[in-house]
Structures are given as C-alpha cells and as structure tokens.
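A.B. asks: Sharing a structure, written as structure tokens. Questions coming.
The values are calculated or read from the model by the stated rules, or taken from the named source; none is laboratory data. In this text, all values refer to a predicted model and were calculated from it rather than measured experimentally. Note: ideal-geometry Cβ built from the backbone for every residue, glycine included; neighbour counts use all protein chains shown. Ligands, DNA and RNA are excluded from the accessible area calculation, which covers all protein heavy atoms including side chains. Shrake-Rupley method; radii C 1.70, N 1.55, O 1.52, S 1.80 Å.
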Amino acid sequence: MAVKCQTIVSIMDRLAPRKFAQDWDNVGLIVGDPLQDVSKILVALDATHEVVEEAIEKKVDMIVTHHPLIFKSIKSVRSDTPVGMLVMKFIKHEISLYAAHTSFDIAPNGMNDILCNILGIYEREVLDVTYSEDYKKVVVYVPKGYEDVVRNAMCSAGAGFIGNYSDSTFQVEGTGTFKPMEGADPFIGEVGKLERVEEIRLETVVPQKYLDKVINAMLRVHPYEEVAYDVYSLANLREEYGLGRIGVIEETTLKELALKVKAKLKAESLKVVGDLERRVKKVAVCGGSGASLIHKAVMKGADVLITADIGYHDAVEAQHLGLALIDAGHFATENIAVRFIAEYLIDETQRQGHEIEVFVSEVQKDPFTCL
C-alpha cells in the first residue's frame, strides 16, 4: 500500500528535525512532489550516479540520503553537469529525493549517537552545542481527587522529564476560592455563592516544544469549566543539541581502540595521531568531518577524538594540544547510519499501517581505494 511522499518526509523530519540543521546545509525534500505515491524507498549515503541507476533498476519512488545532492543554490539544470544530469534523472523517472544531513548528525539518536552505540561509548553528552530549547514550568490548580488524572495526562504529553527521570511533579494542598457568575456552569458550587474548595497545586516542567500539547492535554481532562493555570519561564533548565558526542569507554590503549574502531566500522584503513600505547578513557566522536571540534574535545577533557577528514595541520595542532586522533574516514564513520534509517522507515510506516518496501543501497561504496 503506497503512502504519500509527504508522509515519508514527516516521518524523517521526526527522526532528524530540520530546525537542527546548520545554516549552510540543505536538508529535507530536495527533489520531488509531496503528493507523489511512494511504495519503494532506497536508502544510501549519497545520491551518486550508481545509486540513482540502482534506484531506477529497482523501480523505487524515493531515495533517502544523508548527504544532500544540492548544497548551494543552482542557476540552471543542465544535462552536461553532474548535478543537473542527476536532477533530470530524478524528474524523468519520477523519483523523489530527501536528505537528512546535519539535522541527523545533531538529532538525539542520530548519527553520532549511533556511532557511540557501536563503539560502546557511554555517559555521553553533546560535544558542541548548536541548538537549545527552553523549559517552562506549568502550575495548575486541581480539585482534590483529580490530581492523578491531570498529572498522567500532562506527563503523557511530554511534561515531567528531568534527565533520566520521568513523571517529575510537585504538589501541595491548599484552598481555592471562586464565585460562579451568571451564565457559568460550575463543576463545583452554585451561581452567585462564594465557594471554598480543597485543591491541589500541581506543578511540573515542560520543554518549550511540548508546551501547547501539554496544556491541551491538561485542559481536556481537567474537570473545571475555567481552568486556573500559570506558565513560567525557567533559567536553570535547557534542552541542548549539537554536533559530536563525548563520553567514556572501558580504559584501553590508543592502539586497541583504533583497532576496535576499524573492526566495528568496517574501515579499510585509518590514520592515528598520538602515542599508540597511551591509555585512553574519555572519547569524543563526530561522524564525518570533525576537525573543527578539536578544541571543543580538548576543552571537555577528551583523550581522543574519533572522526574523519583530518588534515595535516589539524594533526599537528592536536599533537600540540595533547589530543589523540583516530581518522576512520568519512564513509566508514557515516555509512553505519544507512541501515538504521532503513529500519526506522520500515518500523514507522508499519506502525502507521502502511506496507512499503525499503532497500539499503548495494552499490554505495567508499570513493577512496586503499593500496
């Protein structure tokens, strides 16, 4: 059963919200019609000529990649340019193209968390914060006996999460007063008579992104006709997102860690900067090009940074700073996510009651050959 292209776009946007993407990036639906029917999807790292030919052969309706085909604005689409030729093939064969690049790198459970999971890095945090969201505190007054119903509704909608703890709320008993006026339909009390009611002051924290959802959930189950509630801004809580991760591993030598990286990422080769016998425990990672995070890794106390595309001068600078480096290659540090995205698409479409085919590219390969 086919789904609309826009449905797949929405599913991918939940995995890799476009608001996380860097300003210079180009993510989302790159080519295609949002109303197109999609029954077959091909997932790859890049939309290369080989991948597009594979898609045509498999008769897929959509390709989902990590790297965007179009990074910068183009003024023409011509068959004698590499990008133009591919765009024309997408249009001719009615294949849509979606890319989740830095949006997926930065997202929780995205590229860098997958990399950490594979390498056994735990107690991790964001290496370079690029996006943050504020928290709000919501306070609502509930007649005694209804506090659990309201609490459950709010927490189910996204309230009450602090770190690894859910359903975090506080309550205190008090007395509420009100006088229903003409035209009111009070849950408790009589029109024109001042009422005193035993109430619970219930308060909890809510990420800004869930605020409307939490308030609507609270209003749906609250017994009062007019609900008294307050929303406060918080200065001490923020939800932070960004590039790279830093965490810890079981202490080992740099050489042993490098060999583990090579095996786990199935890298044909890698480059290492630093004393191979050095003991390492605190590890920073960044899938793809992460040389710009060398100073961030040092500032956060990393022993080693695992990334790709390290240049000569980057290596010399890291040596001066006392930071070891493992360059496992751009392809190896990011291709790990392709199968994850394919499985995610299968799970999410099935959960919504759709049956589509999702393929992992069989022709995508590292453009570099190691001799």
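A.B. asks: Quick one: in region 213-236, of everything that is among the aromatic types (Phe, Trp, Tyr) and closer than 22 Å to GLY189 by Cβ, which residue is most open to solvent (accessible area, probe 1.4 Å)?
C.D. replies: So the residue we want is TYR229.
A.B. asks: Here are some conditions: (1) under 36 Å from the mean Cα position of the chain (by Cα); (2) part of a loop (DSSP other than H, G, I, E, B). CYS155 meets all but one. Which one does it not meet?
C.D. replies: Only one criterion is unmet by CYS155, namely (2).
A.B. asks: Now a separate question. For region 93-132, which positions are under 17 Å from LYS19 (Cβ atoms), in a strand (DSSP E or B) and either open to solvent by less than 20 Å² (accessible area, probe 1.4 Å) or small (Gly, Ala, Ser) (or both)?
C.D. replies: Listed by number, the residues that qualify are TYR98, ALA99, SER132.
A.B. asks: Let me ask something else about it. Among (1) surrounded by 15 or more Cβ atoms within 10 Å (Cβ to Cβ); (2) without any contact (Cβ under 8 Å) to a residue 40 or more places away in the chain, there is one condition ASN164 misses while meeting the rest; what is its number?
C.D. replies: Of the numbered conditions (1) surrounded by 15 or more Cβ atoms within 10 Å (Cβ to Cβ); (2) without any contact (Cβ under 8 Å) to a residue 40 or more places away in the chain, the odd one out for ASN164 is (1).
A.B. asks: A follow-up question, please. Of the residues LEU194, LEU257, LEU219, LEU265, only one is assigned by the TED database to the domain that holds TYR146, among the aliphatic types (A, V, I, L, M) and within 30 Å of TYR131 (Cβ to Cβ); which?
C.D. replies: LEU219
A.B. asks: Still on this structure, I have one more. Could you list all residues from region 168-195 that are more than 16 Å from GLY145 (Cβ to Cβ) and open to solvent by 80 Å² or more (accessible area, probe 1.4 Å)?
C.D. replies: Within region 168-195, PHE170, THR177, LYS179, MET181, GLU182, ASP185, GLU190, LYS193, LEU194 meet the criteria.
A.B. asks: Right, next: Checking the condition closer than 19 Å to GLY247 by Cβ and in the same structural domain as ALA263 (by the TED database), which residue from ILE310, ILE306 passes?
C.D. replies: So the residue among ILE310, ILE306 that is closer than 19 Å to GLY247 by Cβ and in the same structural domain as ALA263 (by the TED database) is ILE306.
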